[in-house]
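J.: The structure's right below; bear with me while I get my questions together.
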Amino acid sequence: MLRWLRHLCTGCCLGLALAVAAQPTPTQVVIVSSEASASYTQVNTVLIDALTRAGVPKAAVVLLSPSELAQRTKEGQLGLTRVFVAVGARATQAVLAADPSAPVLSTLIPRQSFAQLLQSSGRKTSARLSALYLDQPLRRQISLIQLALPQARQVGVLLGADSVGKLPELSALAQDRGMTLQHAKVNGEQPLFQALSVALDGSDVLLALADSNVFNSTSIQNILLSSFRARIPMVAFSSAYTRAGAVLSLYSSPVQMGVQTADLVLGAWRSGRVPERSVEPDDFLVDVNANVARALGLALDGAALRLALRRLESRP
Amino acid sequence: MKPSLNAPRRASTGSQAGALALGLVFFCPLPGAQPVPSVSESDYLADVPIVLSVSRLPQRLDETPGAMTLIDREFIRQSGARDVVDVLRLVPGFQTSSAFESDAPQANYHGSFSVYSARIQVLIDGRSAYSNYLFGSVAPGLLSVALDDIERIEVFRGSNSATYGARAMLGVVNIVTRAAAESQGLRASVRSGENGIQDTQLGLGWNALGSAMHLSVDQRGDDGLTGSNGHNRVQRANFNAEVPVAFDAQLKLHTGWMHIDAGRGFASNLNAPLRETSYNSAFLQLDWQKAVDSQQDVALDFVHMQESFVDVVPYALAPVDLDYSGVASNDSLKFEAVRRLSPDVRYVWGTELRRESVTSRPIYNTDAAVVTDFTRLFSNVEWRATPQLLFNAGGMAEHNSLSGASFSPRLMLNWTAAPGHTLRAGVARAFRPPSVFEKQGNIRYVANGTLLLITTLARGQVQPESVLTRELGYLAELDWLHSQLDVRVYNDAVQGFIQSAQYALPGAGSLLASNPRDYFNGENFSIRGLEAQWQAHPWAGARIGLNFERSRMVRDEAQIIDPDLEASVPRSAYTVSLMQQFPRGWQLAVNQRYLDTVTLPSTSNYRGSISRTDLSLSKSLHWGSYRGDIALTLQNAGGNVLDYGKAFSFPKRAFVTLRVQD
């Protein structure tokens, strides 16, 4: 009898040990990445490194694709997630579709994409759902124009269906800084080239705002060549545009996005809350196309402009 | 174009491509996904084609290795000019003629030494428009593009064989046509007026197969110079397409055709009687450009051009024809690479193979094509030694199968003495090889199997003529009236200038004594002078241009062969150009050009002055989505001035132009 009881105890202990051993480690951070290309990989790598350095066990960080997230959600395999990080619009869309119980931080996402996703999913920004925007605040873009091209009085801007919503804020900002806005809308009635002529007419600078209806790999050649012929410098929103021929670009690099994302994720990991309101990138780069600047007779230094902009925003 | 997250709409390049491909496999579409946002991070992260890399960036005026005159589209439109020669007449150092008597209206820089424009180069979108038919001439090329199709004209005033090879001996006119992408929609113009002026043009731009395309068809005609038989009609069609063949490469296709009908000759000249002539040309140009990266471009350019000349008339005194007819063609294949080594150093190098062919029994006494093969290798380095000092050093090694090898070097230093004030100093050597006609011309008249006379028999001894140009320049960007001043002081030392002389040929076997013409390297001389060009935009809607030139030919009295040669260069000249926009779309333009103590291309013993003033008043118009303008132009307001020869004059004439575009 005693022997039987001993076997039973041993069996129970073994079973308990097995059961404990079989219990999955509670997942702390789930990162969902829209793509596996270079920019996303850089954000993810910087983010995971920073989390690990801050004491989050490496095993507690899981990197998934949107389809893997959907699969795991379906199979109930997500475990105990404390924070969801969605890198990019497609990942954000997938996380929202999974209806998670933990707070969600969307990153590397343009303000407008996030707004559209909130609207289509019927959600609002809160301590459980907010974003770190990829696009630069308009006031920073206007400040850059003032710093780099102090003589500029008229800012030309091309607006499409996805950027026309920025017009009121942009007009107000320009007016505040003593500049006028020469805007032209690209639509069925006014094709690109006509709109471009209007936007360039009398302008001292052309400000490019991301809108695939206006700026895409097909149209960029005509826009850059036309503005160059008119000797009007273009200020754009990505380093690719500076390489292509825009004289200046203001943007946040994937590394900078990764660093700021890590800060926000660590805060959420500790407090269980993401910032109640979406935040703008606090670090950025200014790229200069030296060839174009020289041809336009401009002496520009990207690093100096970045520092001047940071000082203007009271950043170290 | 709406982006799709499931199918990224932009391709990445290089190492990103592999990662993206894996990503596409790895990240399959979400079932039942919500509508995707129209803006995504790919707008910020994706690559875009490199548009403005090194070679497509023009140098700033204070960086060019020489003096430039830039003529933009707006100036061309306001000037009331009808063709390129009408615009070039306003450029410092230029002399032009509107006659169709030799081939087409001519333009020359620093001397109209003959009735052919043989000592400057004309490039249209990088394509040489040089006609190698007789003495060599850029005149038909200057006429081959309608003014309304031109974006800008860059005139390099000075030798530039270092970049463009033989023929760019005294200057280069670089015509840049309007990009098809910027010429979308419909444009039409009609012009009618005195002197039989009747011009019409239709331009249509559209997008197809992802490419921008443009077709321009036009006709211009008038009764020609007063006193001449030079009634003329020019018909042209030009098509261009910009095909984006790859993410970082573009193919440009240009093709065109031109036909000129023109009257020539004199009622009283048996050797050049009244007659009708025609000229045809057609070309195909394929220009492939690839931006290797933002620091390097490569380009491959192929051009085929062919021409035919019909100029034949029976001789009154014998059963023979006076015949200058023939065909010519040229093919060119050019490779060019531009690279920026550092922020301070960039260089271009390239090579070109060119074949020119001329066939004309009346001129060369053979039915076989006379072929000249050119091989060219060129390079230019631009080095900014300090922020104030810029060196341009380059040269072209060239070999042609007719007259051998030559090397044309150039060194230019640009020193920015103070912001907006640049001094230039440089030296360049340039060559013009003799044309096929000057080397192998053989004109003989045969009636019923009997050789009557030999009028030209080139002995082939003539060698390339050369020029050594030394120049000092000053370019100032002035706050005063928002103006720009360019001054050029130069010394063009010409060696072995190609001239002609008759010689006795007793053993010719001709019925009449033959004293045929031959070409030889004659005089050495220098053209020295000063050119000043001041352009201002003093207030809104105004342009003022003033040019002043002073020049003289210096030569050794003991070696003079042609006493009248020095009058080929005007002693002094000026241009006054005023343009003003007024309220309600009115614009007024006045352009005056004056040349003093100069001869005429076909009349060397004439000395006089030439003055022509053009006025143009225009008003812009709007009809719904259509816009345009109507202009009244009065050319040569001061009355008849001699042109080409003493018997011809440019008439005072008025015409109206109506332009419409959607």
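J.: Tell me the helices (runs of 4 or more DSSP H) entirely within segment B:30-110 that contain at least 3 residues that are away from chain A (no Cβ under 14 Å) and farther than 22 Å from B:Gly230 by Cβ.
T.: Output list reads B:73-79.
J.: Could you pull out the residue among A:Ser226, A:Ser238, A:Ser197 that is within 27 Å of the chain's Cα centre (by Cα) and among the small types (Gly, Ala, Ser)?
T.: A:Ser238
J.: Would you mind listing the strands (runs of 3 or more DSSP E) fully within segment A:126-202 where at least 2 residues are farther than 22 Å from A:Gln221 by Cα and assigned by TED's automatic domain parsing to the domain that holds A:Ala115?
T.: In segment A:126-202, A:129-133 are the strands (runs of 3 or more DSSP E) which contain 2 or more residues that are farther than 22 Å from A:Gln221 by Cα and assigned by TED's automatic domain parsing to the domain that holds A:Ala115.
J.: Limited to segment B:252-302, what total is found for residues that are under 21 Å from the mean Cα position of the chain (by Cα) and of a type in the set (Lys, Arg)?
T.: Residues meeting the conditions: 1.
J.: When B:Arg584 is evaluated against the numbered criteria (1) of a type outside the set (Asp, Glu); (2) surrounded by fewer than 16 Cβ atoms within 10 Å (Cβ to Cβ); (3) more than 23 Å from B:His537 (Cα to Cα), which criterion, by number, is the only one it fails?
T.: That leaves (3) as the condition not met.
J.: Here's something else I'd like to know. Looking at segment A:101-136, which of its residues are surrounded by fewer than 22 Cβ atoms within 10 Å (Cβ to Cβ) and more than 14 Å from every other protein chain (Cβ to nearest Cβ)?
T.: Listed by number, the residues that qualify are A:Ser101, A:Ala102, A:Lys124, A:Thr125, A:Ser126, A:Ala127, A:Arg128.
J.: Can you find a residue that is part of a helix (DSSP H, G or I), away from chain B (no Cβ under 11 Å) and in contact (Cβ under 8 Å) with a residue 40 or more places away in the chain anywhere in segment A:226-246?
T.: no
J.: Between a first residue in segment A:282-293 that is closer than 23 Å to B:Arg340 by Cα and a second residue that is assigned to a helix (DSSP H, G or I) and basic (Lys, Arg), which pairs have beta carbons less than 6 Å apart while being 6 or more apart in sequence or on different chains?
T.: A:Val286/A:Arg306
J.: Also: Can you tell me which residues in segment B:255-288 are surrounded by fewer than 20 Cβ atoms within 10 Å (Cβ to Cβ) and closer than 26 Å to B:Val338 by Cα?
T.: B:Thr255, B:Leu284, B:Leu286, B:Trp288 - these are the residues of segment B:255-288 that are surrounded by fewer than 20 Cβ atoms within 10 Å (Cβ to Cβ) and closer than 26 Å to B:Val338 by Cα.
J.: Also, quick follow-up: For segment B:214-228, check the following and say yes or no: at least one residue is modelled with pLDDT of 95 or more and within 14 Å of chain A (Cβ to nearest Cβ).
T.: yes
J.: Within the group B:Val48, B:Val85, which residue is more than 30 Å from B:Leu134 (Cβ to Cβ), modelled with pLDDT of 55 or more and among the hydrophobic types (A, V, I, L, M, F, W, C)?
T.: Within the list B:Val48, B:Val85, the selection yields B:Val48.
J.: So, in segment A:65-100, of the ones that are in a helix (DSSP H, G or I) and basic (Lys, Arg), which residue ends up surrounded by the most Cβ atoms within 10 Å (Cβ to Cβ)?
T.: A:Arg90
J.: Working carefully through the options B:Ala272, B:Ala267, B:Ala262, find the one that is touching a Lys or Arg at 6+ places or on another chain (Cβ under 8 Å) and in a loop (DSSP other than H, G, I, E, B).
T.: So the residue among B:Ala272, B:Ala267, B:Ala262 that is touching a Lys or Arg at 6+ places or on another chain (Cβ under 8 Å) and in a loop (DSSP other than H, G, I, E, B) is B:Ala272.
J.: Quick one: would you say B:Ser117 is closer than 27 Å to B:Ile443 by Cβ and without any contact (Cβ under 8 Å) to a residue 60 or more places away in the chain?
T.: Against the criterion (closer than 27 Å to B:Ile443 by Cβ and without any contact (Cβ under 8 Å) to a residue 60 or more places away in the chain), B:Ser117 qualifies.
The values are calculated or read from the model by the stated rules, or taken from the named source; none is laboratory data. Here the structure is a predicted model, which means the values were calculated and not measured. Cβ atoms come from the backbone with ideal geometry, glycine included; neighbour counts cover every protein chain shown.
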